[in-house]
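**Q** This structure is in structure tokens; I'll ask about it shortly.
The values are calculated or read from the model by the stated rules, or taken from the named source; none is laboratory data. Just so you know, these numbers come straight off a predicted model, no measurement behind them. Using ideal geometry, Cβ is built from the backbone for each residue, glycine included, and neighbour counts are taken over all protein chains shown.
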Amino acid sequence: MGSYAGSSDWDDVPSRSDSSRFRPSRARSTASATPKKKTVVDDELELQEGTTKPINLILAFDTTGSMRAWIQNVREKIDYLCRGLFKLMDIRISLIGVGDHCDGPFMLQPYAPSAKIEDLEKAIHDIRGTSGGDYPEAFECLFLHLNEDPMWSFDIPTVLVLITDSVPHGMSGEGDAGCPDGVDAREQLDKLMQKIKSFYLVNCGNHDAAIAIQKTLVKSENYFMQLSNFRRLTNLVMAVCMDEVGELDFFMDLLEKQRGKDRREEVLAIMRK
């Protein structure tokens, strides 16, 4: 993936010492006094042990044309994002690309939860951009899929983050003929909300009508986030996850140390904190 220095949301992924407070005490330490050169395998094995507060993250994003810059940012930062989350917490991450009914087999592109960097890198690079057809997208079918497909288990707290500039079918009034499969977005979302811990909607557009509808989908305005700079997406996703396990202040201290007070305030403002 190359170096992120100077271009990413951090200078570096948070260090091992930063994440040590999340580990339970051990009878004795097996760590070497001399820091080892980090490798993908070492990071994955170490990041998955000795952490607390397990959580699942479902990162679903609109794959249609207007979202191209956002999708590309996720592709470029997926390694950085996942390493940071794995280092800070006990988390499994799943990716789902969401298009529209006209996109056929690419309407939904779901990948099962994983705690392996290579799985997530493959998933994000395999997810294809789609055309999307009309303005609403098939988010109602995303909710149905999460409710009914056996690949999804909600045995541990699960957070759904949906990144889009659009709305589900059946909600946008004129020009919206509804879901071709007759799926009701609100009905399916209500069912899903009984299974998951939280649902966040990150809006990447500036259409007032769409924003008004999006805000009705979430529990409160604290779960609706307006994002205008796609380069802040990874910071925001990390912050949401850390907030869900009660460690937002710790994460924000890391962010301020790495990228300054202005960045901290910017991310908190997006989160309405």
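**Q** Name the single residue that is surrounded by the fewest Cβ atoms within 10 Å (Cβ to Cβ) among those in segment 186-209 being under 20 Å from Asp165 (Cβ atoms) and of a type in the set (S, T, N, Q).
**A** Asn206
**Q** On to the next question. Determine, yes or no, whether Arg272 is of a type in the set (Lys, Arg), in contact with a helix residue (DSSP H, G or I) (Cβ under 7 Å, 6 or more places away or on another chain) and in a helix (DSSP H, G or I). Working first, answer last.
**A** On the way: of a type in the set (Lys, Arg): yes; in contact with a helix residue (DSSP H, G or I) (Cβ under 7 Å, 6 or more places away or on another chain): yes; in a helix (DSSP H, G or I): no.
So Arg272 fails the test.
**Q** On the given criteria, is Phe250 part of a helix (DSSP H, G or I) and either in contact (Cβ under 8 Å) with a residue 40 or more places away in the chain or crowded, with 19+ Cβ neighbours inside 10 Å (or both)? Working first, answer last.
**A** Values: part of a helix (DSSP H, G or I): yes; either in contact (Cβ under 8 Å) with a residue 40 or more places away in the chain or crowded, with 19+ Cβ neighbours inside 10 Å (or both): yes.
So Phe250 passes the test.
**Q** Look at Thr234 and say whether it is within 30 Å of Met89 (Cβ to Cβ) and among the β-branched types (Val, Ile, Thr). Outline the logic, then answer.
**A** Working: within 30 Å of Met89 (Cβ to Cβ): yes; among the β-branched types (Val, Ile, Thr): yes.
Spelling it out, Thr234 is indeed within 30 Å of Met89 (Cβ to Cβ) and among the β-branched types (Val, Ile, Thr).
**Q** With the checklist (1) free of Cβ contacts under 8 Å to residues at least 12 places away in the same chain; (2) crowded, with 17+ Cβ neighbours inside 10 Å; (3) among the aliphatic types (A, V, I, L, M) in hand, flag the one item Ala269 doesn't pass.
**A** All conditions pass for Ala269, except number (2).
**Q** Only residues that are under 17 Å from Val98 (Cα atoms) and without any contact (Cβ under 8 Å) to a residue 60 or more places away in the chain: list them for segment 153-168, please.
**A** Val167, Pro168
**Q** OK, next. Criterion first (surrounded by 14 or more Cβ atoms within 10 Å (Cβ to Cβ), more than 21 Å from Phe224 (Cα to Cα), within 17 Å of the chain's Cα centre (by Cα) and at pLDDT 95 or above) does Pro157 satisfy it?
**A** no
**Q** Could you tell me which residue of segment 217-239 is farthest from Val167 (Cα to Cα), considering only residues that are out of contact with any helix residue (DSSP H, G or I) (no Cβ under 8 Å at 6 or more places or on another chain), free of Cβ contacts under 8 Å to residues at least 40 places away in the same chain and surrounded by fewer than 18 Cβ atoms within 10 Å (Cβ to Cβ)?
**A** Just the residues of segment 217-239 that are out of contact with any helix residue (DSSP H, G or I) (no Cβ under 8 Å at 6 or more places or on another chain), to begin with: 218, 220, 222-223, 228-229.
Keeping just the survivors that are free of Cβ contacts under 8 Å to residues at least 40 places away in the same chain gives 218, 220, 223, 228-229.
Checking the rest, the ones that are also surrounded by fewer than 18 Cβ atoms within 10 Å (Cβ to Cβ) come to 220, 228-229.
On the way: Ser220: 17, Ser228: 17, Asn229: 20 Å.
The selected residue is Asn229.
**Q** Shifting gears a bit: Against the conditions (1) surrounded by 14 or more Cβ atoms within 10 Å (Cβ to Cβ); (2) touching a residue at least 40 places away in the same chain (Cβ under 8 Å); (3) farther than 30 Å from Pro150 by Cβ, where does Gly175 fall short? Just the number, please.
**A** (1)
**Q** So which helices (runs of 4 or more DSSP H) stay within segment 122-224 end to end and still have 1 or more residues that are under 19 Å from Ala60 (Cα atoms) and of a type in the set (Ser, Thr, Tyr)? Walk me through it before giving the result.
**A** On the way: elements: 139-148, 185-193, 208-217.
In segment 122-224, the matching helices (runs of 4 or more DSSP H) lie at 208-217.
**Q** Right, next: Evaluate segment 133-140: report whether one residue or more is surrounded by fewer than 20 Cβ atoms within 10 Å (Cβ to Cβ) and either among the basic types (Lys, Arg) or without any contact (Cβ under 8 Å) to a residue 12 or more places away in the chain (or both).
**A** no
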